[in-house]
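**Q** What follows is a single structure, and I will ask about it in a moment.
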Amino acid sequence: MRSYVRLWPSLLAFGAACGGSSGPTSTGTNNNPPPTAPPTASVSMTDFAFTQAAITIKAGTMVKWVNNGGTSHTATSDGGVSPAFDSGTLAAPGTTTDPYGGTTTTPGGSYSTTFSTPGTYAYHCTFHGTLHNMTGTITVTQ
Ligand SMILES: [Cu+2]
């Protein structure tokens with residue numbers, strides 16, 4: 001109950017801020033809503049699949065593909081998909097050793113694009129789409 005007692009001074013301060021016209025810490029109902037970050041979704045690329053392979057998002061969502069596999073991949077829209085998108089080759093994460101023995105760890109390549117128009121966007125990996133059925137679908141709703 002100690003913490004309950006300690007709350008009282010801050011509650012009083014809150015009340016005072018609400019009375020003011022522009023209290024910087026006020027959370028009163030008259031304030032404009034805080035700015036919201038654009039929604040995002042992520043898809044992991046591994047050998048040889050997209051996870052999740054099929055996702056449903058709202059229009060305006062940014063989708064980010066990240067290569068977490070052991071080889072290069074792409075996220076490339078199927079023919080006829082409009083607007084088309086293509087990540088190009090995204091390198092696998094890895095560690096390189098320089099001639100002096102130093103090592104550098106590099107994260108997997110990533111690609112982001114925003115889907116503004118409702119619809120179904122089928123895509124594939126240009127290297128493994130046919131060979132390993134590495135395909136995915138983005139369904140964009142209103
Ligand atoms: Cu691939």
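No lab work stands behind these numbers, since they all come straight from the coordinates. All figures in this text were calculated on a predicted structure; none of them were measured in a lab. Reconstructed Cβ throughout: ideal geometry from the backbone, glycine too, with neighbour counts over all protein chains shown.
**Q** Could you calculate the FRET efficiency of Thr71 with Thr117 from 1/(1 + (r/R0)^6), where r is the beta carbon distance between them and R0 is 30 Å, rounded to 0.05?
**A** Using R0 = 30 Å, I get an efficiency of 0.40.
**Q** Scan segment 49-112 for chymotrypsin sites (Phe, Trp or Tyr not before Pro) in coil per DSSP, keeping those whose Cβ has at most 14 other Cβ atoms within 10 Å, and list them by number.
**A** Working: sites: Phe50, Trp65, Phe85, Tyr100, Tyr111; in loops: Phe85, Tyr100.
When the chymotrypsin sites (Phe, Trp or Tyr not before Pro) of segment 49-112 are filtered for loop state and at most 14 Cβ neighbours within 10 Å, Tyr100 remain.
**Q** Something else about it: At q = 0.22, 0.25 Å⁻¹, what log₁₀ I(q)/I(0) does a Debye calculation on the Cα points of segment 71-142 give, no solvent, two decimals?
**A** One equal scatterer on each Cα of segment 71-142 leads to -0.96, -1.12.
**Q** Which far-off residues, 5 or more places away or on another chain, put their amide H under 5 Å from the one on Thr89, with H placed in the peptide plane?
**A** Distant-sequence amide H within range of Thr89: zero hits.
**Q** Can you list, bin by bin at 5 Å, the percent of alpha carbon pairs in segment 36-94, starting at 0?
**A** Spelled out bin by bin, segment 36-94 gives 4, 17, 23, 26, 17, 9, 3, 0 percent.
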